[in-house]
Number of protein chains: 2
Amino acid sequence: LTPKSPAFLFDLDGTLVDSVYLHVIAWAEALEGMGLHVATWRIHQRIGMSDDLIAHGLAEEIRRETTEQEEIEIRKRHSEAFLKRADQVRLLPGAKEILSHMTDCGVRWTIATSSNRQRAQRSLDLLGVGKDVPVVTREAGMRGKPNPDLFLKAAEQLKVPPEACIVVGDSLWDLLAARRAGALGVGVRSGGYAEAELSHAGAYRVYDDTAALLRRLDELGIGGPHEQSLHK
Amino acid sequence: LTPKSPAFLFDLDGTLVDSVYLHVIAWAEALEGMGLHVATWRIHQRIGMSDDLIAHGLAEEIRRETTEQEEIEIRKRHSEAFLKRADQVRLLPGAKEILSHMTDCGVRWTIATSSNRQRAQRSLDLLGVGKDVPVVTREAGMRGKPNPDLFLKAAEQLKVPPEACIVVGDSLWDLLAARRAGALGVGVRSGGYAEAELSHAGAYRVYDDTAALLRRLDELGIGGPHEQSLHK
């Protein structure tokens, strides 16, 4: 491969695995348990952000001051509520296939998620992503999306400059973080965001899901399944 | 009021009550229970349609032929899964207030929903809608949205021509049904649809929720709370 072939940085929730709506329900349960009522669509809009930003933002939506302690409590409850449902997470169409295809073509890729390792682990297992892939999860001290940190670290792990990376994500926050990182953002609708919202946030292209993206990889200047031999 | 003052036909789920995401989860559970895996965002997109169209459409999304018997079974399971969660339904901001305001101003209004009476009842109780309001639910023999039947029947109940009605709904299917009925459609984002999607489906205006709509009623040529005295 020439150095001009981009590397791929994939978001996890809503992009590779069908977990966004489970996160929505888990946040709703966490808030409800603390007597906070936030309309569910406003929760959905914030999924994909780092969870401190979600917790803070949701409190703001209902114009209610929350203490740092309360925000920590909301995040803890969300994490518990999500882990309780973790066995309901399924792969999204094309997720496993696009990763294999990239590997087969020699295109470098990894995953960068705002989730911590514990919440991400089952999804990584479903995808068959092993320890050889330098997955970036959000651990203590790192800023989550829409900050660019996770994608910058992922690019660094792949030893590719961020400008040579294509970020694939389902949420506004992925696309904003991609731009902040200087990478190209590609949107997928599988997290429930509309095409127009993703385009307005700067998506270079928008596809239904990774299955649709895999069929159209040539649009990004990457060989699709039919062109695989050219890259070998 | 002059005959030129429009009447309002409100959708229920996602417009007045925060139930769309509970319906999404209920459909996902119904499908999963029958071994059918449909990506959750595709379920979300169909909420607000009549449930025979949802059941049929979802089977089509995964390119799997389903028998009529299976579709009846999916609908039955969805209904059970939703009723199990009915106590989690909450009012959306502004819902109760906008209905009271319409009543206070002498603007005629009612509710037209693709749900049947059993599924709608708890939401109507939350709203404090009594038997004096000619609510239209979908009963045997009626076609649900995006067919115009429910809105046509609601207009008829109010004795107002459909052309003099404003439909308020959160989904594409409300807006398509409104156009089919010859009514003006106004979108609210509280079901999780993006503004652009609702506009593209023909929404005359789009608001975050009924609370925002209530604050901007003058944009529709109806007195807002501050103009209430003019209508009295």
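The values are calculated or read from the model by the stated rules, or taken from the named source; none is laboratory data. Values in this document were obtained by computation on a predicted structure and should not be read as measured data. Cβ atoms come from the backbone with ideal geometry, glycine included; neighbour counts cover every protein chain shown. With ligands, DNA and RNA removed, areas are computed over all heavy atoms of the protein, side chains included. Shrake-Rupley method; radii C 1.70, N 1.55, O 1.52, S 1.80 Å.
If you go through the range B:142-161 one residue at a time, do you hit one that is in contact with a Phe, Trp or Tyr (Cβ under 7 Å, 6 or more places away or on another chain) and closer than 19 Å to B:Trp27 by Cα? Steps first, please.
If we filter the range B:142-161 for residues that are in contact with a Phe, Trp or Tyr (Cβ under 7 Å, 6 or more places away or on another chain), which is where we start, we get B:145-146.
Going one step further and asking which of them are closer than 19 Å to B:Trp27 by Cα, we end up with B:145-146.
Scanning the range B:142-161, I find at least one residue that is in contact with a Phe, Trp or Tyr (Cβ under 7 Å, 6 or more places away or on another chain) and closer than 19 Å to B:Trp27 by Cα, so the answer is yes.
Of all the residues that make up the range B:29-42, how many are open to solvent by 10 Å² or more (accessible area, probe 1.4 Å), in contact (Cβ under 8 Å) with a residue 24 or more places away in the chain and of a type in the set (Gly, Ala, Ser)?
1
So, A:Lys145, is that one open to solvent by less than 10 Å² (accessible area, probe 1.4 Å) and in a loop (DSSP other than H, G, I, E, B) or not?
Numbers: open to solvent by less than 10 Å² (accessible area, probe 1.4 Å): yes; in a loop (DSSP other than H, G, I, E, B): yes.
So A:Lys145 fits the description; yes.
Return the only residue of B:Ser114, B:Ser100 being within 30 Å of A:Glu29 (Cβ to Cβ), small (Gly, Ala, Ser) and either free of Cβ contacts under 8 Å to residues at least 12 places away in the same chain or crowded, with 20+ Cβ neighbours inside 10 Å (or both). Let's see the steps before the verdict.
Details: B:Ser100 fails: within 30 Å of A:Glu29 (Cβ to Cβ).
Residue meeting the stated conditions: B:Ser114.
B:Phe8 passes all but one of (1) of a type outside the set (S, T, N, Q); (2) out of contact with any helix residue (DSSP H, G or I) (no Cβ under 8 Å at 6 or more places or on another chain); (3) away from chain A (no Cβ under 11 Å); which number fails?
Every condition holds for B:Phe8 apart from (2).
As an exercise: evaluate A:Gln45 against (1) under 19 Å from the mean Cα position of the chain (by Cα); (2) open to solvent by less than 50 Å² (accessible area, probe 1.4 Å) and give the number of the one condition it does not meet.
The failed condition is (2).
Across the range A:183-196, what is the total count of residues that are touching a residue at least 12 places away in the same chain (Cβ under 8 Å), assigned to a loop (DSSP other than H, G, I, E, B) and either open to solvent by 40 Å² or more (accessible area, probe 1.4 Å) or within 14 Å of another protein chain (Cβ to nearest Cβ) (or both)?
Restricting attention to the range A:183-196, the residues satisfying the condition of being touching a residue at least 12 places away in the same chain (Cβ under 8 Å) are A:183-193.
Subsequent filtering for residues that are assigned to a loop (DSSP other than H, G, I, E, B) retains A:183, A:192-193.
Next cut, either open to solvent by 40 Å² or more (accessible area, probe 1.4 Å) or within 14 Å of another protein chain (Cβ to nearest Cβ) (or both) only: A:192-193.
Of the residues in the range A:183-196, 2 are touching a residue at least 12 places away in the same chain (Cβ under 8 Å), assigned to a loop (DSSP other than H, G, I, E, B) and either open to solvent by 40 Å² or more (accessible area, probe 1.4 Å) or within 14 Å of another protein chain (Cβ to nearest Cβ) (or both).
Which ones in the range B:52-76 are surrounded by 15 or more Cβ atoms within 10 Å (Cβ to Cβ) and within 19 Å of B:Arg138 (Cα to Cα)?
B:Asp52, B:Leu53, B:Ile54, B:Ala55, B:His56, B:Gly57, B:Glu71, B:Glu73, B:Ile74, B:Arg75
Please verify whether A:Ser199 is assigned to a helix (DSSP H, G or I), within 14 Å of chain B (Cβ to nearest Cβ), touching a Ser or Thr at 6+ places or on another chain (Cβ under 7 Å) and of a type in the set (S, T, N, Q), treating the condition exactly as stated.
Numbers: assigned to a helix (DSSP H, G or I): yes; within 14 Å of chain B (Cβ to nearest Cβ): yes; touching a Ser or Thr at 6+ places or on another chain (Cβ under 7 Å): no; of a type in the set (S, T, N, Q): yes.
No; evaluated as a whole, the condition is false for this residue.
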